[in-house]
Structures are given as structure tokens and as C-alpha cells.
Amino acid sequence: MRIRVPGDKSISQRALILSALGSGTSRLKGLLCSGDTESTLSALRGLGVRIPDIPRDGSEVLIEGVGLGGLKTPTHALDLGNSGTGARLLLGTLSGSSLSATIDGDASLRMRPMARVTEPLELMGARFQQLGEVGRLPLTVRGCSRLKPLEWNSPVASGQIKSSLLLAGLTGHARIVVTEPLESRDHTERLFNAVGTTVIGEEIDTGWRVEMPHPPDEIGPLDFTVPGDISSAAFVLTLAALGGAGKELTIESVGLNRTRTAFLDVLSRMGVDIEVHDRTPEGFIEPRGDLVVRPGDLRATSVGAAEIPSLIDEIPLVAVLGACAEGETKITGAEELRSKESDRISAVTENLRALGVVVEELDDGLIVQGVPGRKLSGLVNAFHDHRIAMSFSVLAGATGASIHVADSRVSDVSFPGFDRLIQKLTEKAG
Ligand code: S3P
């Protein structure tokens, strides 16, 4: 069987923001239409950008950019819903804009750390008024279109921090240097280069360094097709790896950016037969290709700090696979998981234990004792977190286990149509 998954969430978010800031008309295809991108879209509308609705079928959207200085003071607070990426990227964008705006989010987003971006943004000259708990949303940002240059050593490898600062440098016309302990996803750098803003990334002794040396006065429009989201494909790959999608499944046109593909390496190490067919077009911004997956006898693996940034959103799936693999699967160096839409280390531990799996919770990860072929049953919680809900739905679908995922509809945040797709695949396989 051949399927596609919805557009990449990280890339869609960035493409929407950059198109809004461009001079001219951007043409975007394959954009993700989900809760998170809808939140960013409506925030951009609140800032005076006229953007049509995102079509559900990935067809073309034309966005008339307002230019780097063209965002307007909104008349109401901008509600970023569940979207950490949307909130942090807009905090950066607005820091370099001469306006004042309040950014808020849902209960989960209000718990997530924002000081990791507001602290460096303040050094550049932006001002933040705390309306809730310290270091959390809601926050009012007062921006300035001439920010000070910044050299920032981020203690965590984070695409959101790096992108927030690059966007502040772009709107606030300030040179930016960011270092991080390991390279995080580089979609912002690629899109910046595509719209005419040079960003250079290089390996250094302490990790990774990016520099935007000369922020331009204006950026060009984007003409771009967003690839399928490898983080969404990962749920389907896991279903297939566990035997829940038949003997062979092909997922077409998935993003293959090397800062995102470590889950494919993990699957191979665990004994899953996975083929990658690169179909990257010429003059590409983001590489893409087809993935062919066939189930195998699963064996345990270890995932350490070096791999974490490039599979940060797939770690719950590694734990789920570990529960069905021969041996002990160990995940370490993943303390960032505690700051996601839920505390994903404790959420995964609690859910696996509720199903009878032996799990040791570590500060920075977990150790899962796998037993292949075991019958699992129980009630698990989604913790209002789309990736936790989908990880356990896949486990249920693939193993035929009786798992009830309380509150599973949160998957709409990143993967609309997920339940229907899993049902279709498992029915065909059965
Ligand atoms: C994202 C970066 C990652 C990831 C998140 C999306 C992005 O977060 O977990 O789902 O689009 O930049 P961090 O930047 O916090 O690592």
C-alpha cells in the first residue's frame, strides 16, 4: 500500500511566518492544516497579514507578504493554542517589530518555559511584560525595529530557540550568532537562504554554530512545496514495524532533512527493514523521498544524547517499540522531553506501566524491558499531548492490544486524519 502523511509542521510554521514577512507573493503547497498551523495563521492575521485558509488537500496558497516592518499592533491577545513553535518563533519575530502584542496559549503552553527565548531577546533590546507566572505565557512583547546584535550560547540544542533569535535578527536588522551543544533542526536556516538571507552553519568544538552576518532590508517571497512530516510518518512507520500495516508499506514524499532522520536509523538498528528512496528535486530547499517499510523481529537499542535532537519528537515511539522488542531499550540525554506538550518521560513511563511493561524512569530518559509478542491491555492517558496519544494508539492498533487511549483526539494538533488512517491501515492488514 502507498500513502502520504500531512505536511511538515516545523517547516509549515516557518514558511507561513516568512511568507508573511516577505516582499511579494509567496506560493506554498503541501502546508500542514492542523491545530498548530491554524494557531500561527490566526496570530499572523491578528498582526494584519491577509492569509487565506490553508486547504486540507495541500493545494497552493498565495500569501501577500507585508514586508519586514509591515506587521501591525493587534487589537487582541494572540492565542497560539498548543503551539510552542508558533509562540517562540513569534516572540522572536515581534521582538524586532515596532509594536506591542500579547502572546498567550492553552493550559499546556502556559506551562512551557519561555525564558529560554525572552532572556536573549531582552539582551537584543526587546521588552517583555509578565502577565502570568514568571517565565511563562501570557507575555506582552514590546519590540523595536533596530535591535542590538547578539552572540548567544544556547545551553540546549533547540530549533525553536535558534529560530526565534534568527527571526528577531531578521525583523530587527541585527547580526545573530547562536551556538548550541548539538545541531538542532535547520529548517529556518534553509528557508532564510531561500528568501535571500545568508545563514551559515558550521560544526565547532563545543557543538554547532549558526551566523546570520548581514540581515537584509527585505526578503523575497517563497515558492515552495512542504514535504510530508517525518515526525508524523514515524507513527505510521512504527505501526508497520510492529506488523500492523501488512507486509509492506510505502510512505511517499516525506521530508528527509538529515537533522530529522535519526528515527530511521533507530528503526534499522531495531531490526526493521526500511528503504529510503531519495526523490529530492533539483534546486531543492528541503530534501524528500519515499520510505518503504517491512516489519521485522524487533531487538532493543540504546539512544543517547548525540542522537536526541534529530529524533526529539519520536522518542515516545522508541519507548513503545522498545516495549515490544527483545531486550532492554535505554534512552538517555533526553531531559528536554520534560518540557514538551507534556512531561513526556513521565507520561510514557506511566502509560507503559499501566499496560504492564517494566520501565525505569531516569531524570533524562527511561529504560524499557521489552517482551516480544506480549498481550498488552489497560487504560492510558494522552496527557493532552498529541504525540503521547498517537504513540499509544499505534501500539493498540498494531498489537491488537486492548488499550483505551483516554482523550485521543488531541492528534489534530499535528496529524489531522490520524485515527482514520490507522484504522484503514490496520483493517487492510488484518
Ligand atoms: C521544533 C523544535 C523542537 C520540536 C518541536 C518543533 C521546531 O523543539 O520538539 O516539536 O519546529 O523548531 P525544541 O526546539 O524545543 O527542541
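Below is a table of values for the structure above.
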quantity	calculated
Considering residues of the range 71-91 that are closer than 16 Å to CYS33 by Cβ and hydroxyl-bearing (Ser, Thr, Tyr) only, the residue nearest to the ligand (Cβ to nearest atom)	THR85
Residue satisfying condition, being open to solvent by 30 Å² or more (accessible area, probe 1.4 Å), of a type in the set (A, V, I, L, M, F, W, C), modelled with pLDDT of 95 or more and outside any strand (DSSP E or B), within set LEU182, LEU267	LEU182
Members of the range 188-227 that are crowded, with 24+ Cβ neighbours inside 10 Å and farther than 25 Å from GLY67 by Cα	PRO227
Counted residues, the range 118-167 - those being β-branched (Val, Ile, Thr) and within 15 Å of the ligand (Cβ to nearest atom)	3
Hits in the range 247-292 - residues which are polar (S, T, N, Q) and in contact with a Ser or Thr (Cβ under 8 Å, 6 or more places away or on another chain)	THR259, THR261
Cross-chain or 6+ apart pairs with Cβ under 6 Å, the range 318-339 first and over 21 Å from PHE235 (Cβ atoms), then assigned to a helix (DSSP H, G or I) and not β-branched (Val, Ile, Thr)	GLY333/ALA305
Long-range neighbours under 8 Å by Cβ, at least six apart or interchain, first residue outside the structural domain of ASP36 (by TED's automatic domain parsing) and open to solvent by 70 Å² or more (accessible area, probe 1.4 Å) within the range 399-425, second modelled with pLDDT of 95 or more and in a loop (DSSP other than H, G, I, E, B)	ASP412/SER34
Residue in the range 152-170 that is free of Cβ contacts under 8 Å to residues at least 12 places away in the same chain, assigned by TED's automatic domain parsing to the domain that holds LEU80 and either open to solvent by less than 20 Å² (accessible area, probe 1.4 Å) or assigned to a helix (DSSP H, G or I) (or both) present	no
Those strands (runs of 3 or more DSSP E) lying entirely in the range 328-385 with at least 3 residues open to solvent by less than 40 Å² (accessible area, probe 1.4 Å)	365-370
Matching residues, the range 10-56, being charged (D, E, K, R), away from the ligand (no atom under 12 Å from the Cβ) and more than 17 Å from THR225 (Cβ to Cβ)	GLU38, ARG45, ARG50, ASP53
Residues of the range 128-156 classified as among the aliphatic types (A, V, I, L, M) and within 21 Å of HIS76 (Cβ to Cβ), total	4
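The values are calculated or read from the model by the stated rules, or taken from the named source; none is laboratory data. Here the structure is a predicted model, which is why all the values come from computation and not from measurement. Note that we place each Cβ from the backbone using ideal geometry, even for glycine, and neighbour counts take in every protein chain shown. With ligands, DNA and RNA removed, areas are computed over all heavy atoms of the protein, side chains included. Shrake-Rupley method; radii C 1.70, N 1.55, O 1.52, S 1.80 Å.
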